[in-house]
Amino acid sequence: MSNWLAQVSFCLAAIAGAAFAQNSGHAGTEEDEIVELEVFIAEETLIEEEVTLSQLSRSVDSVYGDGLSVLKIPRALSIVTPEAMRQFGIEDFSDLEKAGAGTQRVNYFGIPGSPYIRGAKAGTFFNGMLRAYQRNEMPISFGSLESMDIVKGPAPGHLSPTLVGGFVNFVPKAPYFDKFRGSVEVTIGRWDHYRVRADVGGPLMLMGRPSAYRISLTGQLSDSYYDTVRNDFVSFYGAVKMKLNEDLRVFAGTEYFDFKSNENAGWNRPTQSLIDIGRYVIGEPVDITDAAWRGSANRDFASFPAGFGFANGVQDFNALVVPRAVVDEAMAAGLISDAARAALLDLGNPDDLARAYGQPLPGSGVTDPLFNAAGGRFGDFSSPLAALMSGAQVDGYRYTRSYFDSGGIVFTTPIEASRALADDNDYADSRDWLVFVDLEKSGVSDRLIRNQFLLEWLHTEKLSSYGYAIETEQFVVADKVSFIQDLDSLGTQLTLGGSFRFSYAKMVQDFFAEPFSRRDLTRASISPNSIVATGPQRDPSGNNLWSPARGANIRSQLYQYGAFAVLHTIWNSRLSTFISLRGEIGRYYTGIPANVDQAGDELREALSGDGAKSYFMAAFSPVIAVTEDINLYASVQAGTAIDPTHGGPIFGEGNFSETELYEVGLKGSFGDGKLYGSLAFYYWDQSNFNTRDARAEPLRAQGLELETTFLPSDRISIVGSMTAQRVRHRGESLGFGALFLDEEGWALNGGLINGASDRSFPDSNPDLVYPGFPEVTAKVFAVVTLPNGFGIAGGTIWRDTYYHNFERTLSIPSSLSLNANVFWRAERWEAFLALENVTSGDFFTGAEPTFAANTIITKAPPISWKFSLRYKF
């Protein structure tokens, strides 16, 4: 808390100092400087000044060049204006599904590090430059952006290789050119949500040159609906734009973002009953807490696949234990028979307790299987079996297969959606530092020379007590030079350029245990028996626990050298074409980070190496003007996507995947821009990198997207969209992942993650449809401005029924969520009340079906509110 307050105080002091310098600078300014500054102001404009939801409110520079209207761009895209971000409540990528067609909200352990578009991961650009990739290390800060362009499908080649789903381009906050201005905004909300935003800027003479600046601060302290899950951060952004001479201008800025939170994995032990009526399978496995593991669970007995029960054939060792009172009540109510009750293991009975721990039967010849499983680690105890058995046990009964064979039931209880798999001692702390510098030189034979530079450094440390940890570090420096020439005689604008990008990334990770289902979320407190040491923590031998596995740990250096060209040709009043070409050479070096204690020489040698890959990207897009305001387009693109693992490293060629995109669409504007609509059909094909297997999964998809914006009057705005999509797996197997368990499965196997490599395709899903997000979504939102500055807004998102796993045994029901806003705006003041999920409707956030999609699920919060008061000066 004190560190956060110190950062906020420093940033506020910087803003105050800038404001004082601005006001002080008015005196003594020479007349010729004032004239030059006024010329600069007249040439520059605030690109997001207008309060509007219109898709036609500004031109787009992030797809095929500068100054293009959405109508002329041969790709499906959505412009998210500042007003749209405000009205929709878009504050990070978890909110992206509220805007436009093709966007999804996918829960990957509760931290939205990457956007999802068209059923796949998407990239993030800042002012046209690709940012550092991060899977779910931190939610990318929105403190530096004014608005967004959501572009569907892989980026054209002149930008950079990125993911097939598409990309979100952040339009940075521009300096204020017209006058000195600023604002201070305070927000409070449900679940102890507090946020402060301050923004100031204006024109000034800097080093004798006409300039403008902007400084923004955002700080937040917030709990959440989910127990023990926080979302605290501070963002500081500063930018300046200078006119160095008549032909040369620079736009430079930086953002520092410090995020402190923990993961929100949602509910564990998902079943259809849990989804439909909120019934949760109760109980925790037999006690394996151990003083050698600082009183938490003995990790050797909780790790897959070497858990004690698996390694020693102890029947049902990982079955759950039901409290005695629960079983006795069920017996009294006649819910279970005497035979079923007799098949349970009574942990209050010494013989049953020994059986629960796998005490060998007489004459078996095995004297101490538990000691053997631990590899002699319990050598300090005269009887390691007795040492564990003497621990504090749940006074109850352990499930057995015989119990269910005798007609026994699974014991469940109602659970609140707020009971997440999280711990007060968990953390997910990250820091991100971004620097950008854009130089533009113009004025020579209709030629523009642009140099774009980006530097980003990101560091993350995460630990969750259920048995997962990751640490990443990433450093990216990139530079791109573009020569833009108008060839008027040919009706063509030609762009030629080259780029360089260096990425250093390191990841250490521990996923060897991760028994998500071990913890009973309905218990009043977290038991030591459900806490599993992980990652940077130490085993009894003093070694850290970073997983000695191929997909877990890697460091890499990647050098990318690229050359590109873009031709935009207007052939006549009806036909124009876009051609984008790129050639690139990627050179990489890989190895295992030095701090992985358990990595052996063989693994280090296998993952240490280097390689090179050359690849090309090409796109062709014709645009046919049906009328002046209606355009028909097609886009064909083929190339390469780079899909890193967590934290940005690559393992090798498996992270480079071939991509294809085929898209046709229709865009139109009617009634002098009051009505805008777009329709797109698409097909894409690429691979998705599976971190756990360290290999690519081939996917393909097709879909339809419809978007419209209707502004029937100055007081009414209506935005709508519809998405229908389907993603399919086209590989030979599903790779490694958790296995589906029903209620009986969780009862018998809850103490250990149950997974398998090279999972076969289920008969229940012959088309191999990728689960995890709705295939059909419809959205509508309306804003009505009333007299005297008041206004109301509201909308809904409808999600069709979809599946949570490949086996299609977990079905997510269709849902309808309602959001509403009430606001008041005046010259100096603005008040805004935002309501989410107004009716507290039930809906779930799906998960990408990799590794553990079947073991967690997240239910959305009930109604929530945020109230903001803003003062403008």
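The values are calculated or read from the model by the stated rules, or taken from the named source; none is laboratory data. These numbers come from a predicted model, not from an experiment. When we count neighbours, we look across all protein chains shown, and the Cβ atoms used for this are built from the backbone with ideal geometry, even at glycine. To get the accessible areas, we keep the full protein, side chains included, count just its heavy atoms, and leave off ligands, DNA and RNA. Shrake-Rupley method; radii C 1.70, N 1.55, O 1.52, S 1.80 Å.
Taking the criterion of being under 20 Å from SER556 (Cα atoms) and either among the charged types (D, E, K, R) or not in a strand (DSSP E or B) (or both), the residues of segment 485-510 that qualify are ARG501, LYS506, ASP510.
Beta carbons closer than 8 Å, at least 6 apart along the sequence or on distinct chains, pair a first residue in segment 315-340 that is within 16 Å of VAL286 (Cβ to Cβ) and open to solvent by less than 10 Å² (accessible area, probe 1.4 Å) with a second that is in a strand (DSSP E or B) and among the hydrophobic types (A, V, I, L, M, F, W, C) for LEU320/VAL281.
Each row is one residue, and each column tells you yes or no for (1) more than 22 Å from ARG574 (Cα to Cα); (2) open to solvent by less than 70 Å² (accessible area, probe 1.4 Å); (3) in contact with a Gly (Cβ under 9 Å, 6 or more places away or on another chain); (4) at pLDDT 90 or above.
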site	(1), (2), (3), (4)
ILE41	yes, yes, no, no
THR45	yes, no, no, no
LEU53	yes, yes, no, yes
GLY65	no, yes, no, no
LEU68	no, yes, no, yes
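Sub-8 Å Cβ pairs linking a first residue in segment 147-158 that is open to solvent by 10 Å² or more (accessible area, probe 1.4 Å) to a second residue that is at pLDDT 90 or above and among the hydrophobic types (A, V, I, L, M, F, W, C), at least 6 apart or interchain, are HIS158/PHE564; HIS158/ALA565; HIS158/VAL566; HIS158/LEU581, ordered by first then second residue. Could you check segment 777-816 and list, in sequence order, the residues that are among the charged types (D, E, K, R) and within 27 Å of MET85 (Cα to Cα)? Scanning segment 777-816 gives LYS779, ARG799, ASP800. Among the residues of segment 517-556, those that are closer than 13 Å to ALA469 by Cα, open to solvent by less than 10 Å² (accessible area, probe 1.4 Å) and either in contact with a helix residue (DSSP H, G or I) (Cβ under 6 Å, 6 or more places away or on another chain) or outside any strand (DSSP E or B) (or both) comprise VAL532, ALA533, THR534, TRP546, SER547, ALA552, ASN553.
Looking at segment 839-851, is at least one residue touching a Pro at 6+ places or on another chain (Cβ under 7 Å), in a loop (DSSP other than H, G, I, E, B) and farther than 17 Å from GLN104 by Cα? Checked against the condition, which is being touching a Pro at 6+ places or on another chain (Cβ under 7 Å), in a loop (DSSP other than H, G, I, E, B) and farther than 17 Å from GLN104 by Cα, segment 839-851 yields at least one hit.
Identify, from the list ALA132, ALA120, the residue that is out of contact with any helix residue (DSSP H, G or I) (no Cβ under 8 Å at 6 or more places or on another chain) and farther than 25 Å from GLU705 by Cα. Steps first, please.
On the way: ALA120 fails: farther than 25 Å from GLU705 by Cα.
Step by step, each of ALA132, ALA120 is checked, and only ALA132 is out of contact with any helix residue (DSSP H, G or I) (no Cβ under 8 Å at 6 or more places or on another chain) and farther than 25 Å from GLU705 by Cα.
Just give me the residues in segment 193-220 being open to solvent by 30 Å² or more (accessible area, probe 1.4 Å) and not β-branched (Val, Ile, Thr), in sequence order. TYR194, ARG197, LEU204, MET205, LEU206, MET207, GLY208, ARG209, listed by residue number. Based on what the data block shows, is LEU217 of a type in the set (A, V, I, L, M) and under 30 Å from GLY100 (Cα atoms)? Criteria met by LEU217. Being among the aliphatic types (A, V, I, L, M) and either surrounded by fewer than 17 Cβ atoms within 10 Å (Cβ to Cβ) or within 30 Å of GLY551 (Cα to Cα) (or both) narrows it down to one residue among LEU835, LEU810; which is it? Exactly one of LEU835, LEU810 is among the aliphatic types (A, V, I, L, M) and either surrounded by fewer than 17 Cβ atoms within 10 Å (Cβ to Cβ) or within 30 Å of GLY551 (Cα to Cα) (or both), namely LEU810. Residues that are open to solvent by 10 Å² or more (accessible area, probe 1.4 Å), under 30 Å from the mean Cα position of the chain (by Cα) and either modelled with pLDDT of 95 or more or closer than 30 Å to GLY283 by Cβ (or both) do not occur anywhere in segment 486-497. Considering segment 191-237, and only residues there that are touching a strand residue (DSSP E or B) at 6+ places or on another chain (Cβ under 6 Å) and among the acidic types (Asp, Glu), the residue that is farthest from GLU836 (Cα to Cα) turns out to be ASP199. Taking the conditions (1) surrounded by fewer than 17 Cβ atoms within 10 Å (Cβ to Cβ); (2) within 23 Å of VAL476 (Cβ to Cβ); (3) of a type in the set (Ser, Thr, Tyr) in turn, TYR588 satisfies each one other than (1). When segment 276-297 is filtered for residues that are open to solvent by less than 10 Å² (accessible area, probe 1.4 Å) and of a type in the set (A, V, I, L, M, F, W, C), the ones remaining, listed by number, are VAL281, VAL286, ILE288, TRP293, ALA297.
Selection over segment 440-469 of residues that are open to solvent by 60 Å² or more (accessible area, probe 1.4 Å) and either in contact (Cβ under 8 Å) with a residue 60 or more places away in the chain or on the phi < 0 side of the Ramachandran plot (or both) gives a count of 7.
Of all residues in segment 739-776, those being among the small types (Gly, Ala, Ser) and crowded, with 16+ Cβ neighbours inside 10 Å number 6. Whether any residue in segment 595-609 is part of a strand (DSSP E or B), exposed (fewer than 14 other Cβ atoms within 10 Å of the Cβ) and either β-branched (Val, Ile, Thr) or free of Cβ contacts under 8 Å to residues at least 60 places away in the same chain (or both) is what I want to check. The answer is yes; a qualifying residue exists. The number of residues in segment 615-630 being over 21 Å from VAL566 (Cα atoms) and either open to solvent by less than 40 Å² (accessible area, probe 1.4 Å) or not in a strand (DSSP E or B) (or both) comes to 3.
Would you confirm, using the coordinates I've provided, whether VAL366 is touching a Pro at 6+ places or on another chain (Cβ under 6 Å), open to solvent by 10 Å² or more (accessible area, probe 1.4 Å), under 26 Å from PRO540 (Cα atoms) and modelled with pLDDT under 80? Show your work before the answer.
On the way: touching a Pro at 6+ places or on another chain (Cβ under 6 Å): yes; open to solvent by 10 Å² or more (accessible area, probe 1.4 Å): yes; under 26 Å from PRO540 (Cα atoms): yes; modelled with pLDDT under 80: yes.
Yes; evaluated as a whole, the condition is true for this residue.
Of the conditions (1) within 20 Å of ALA174 (Cα to Cα); (2) assigned to a helix (DSSP H, G or I); (3) hydrophobic (A, V, I, L, M, F, W, C); (4) at pLDDT below 90, MET85 fails just one. Which one is it? All conditions are met except number (4).
Selection within segment 105-120: residues that are part of a strand (DSSP E or B) and touching a Lys or Arg at 6+ places or on another chain (Cβ under 8 Å). The member of this set that is farthest from THR659 (Cα to Cα) is TYR116.
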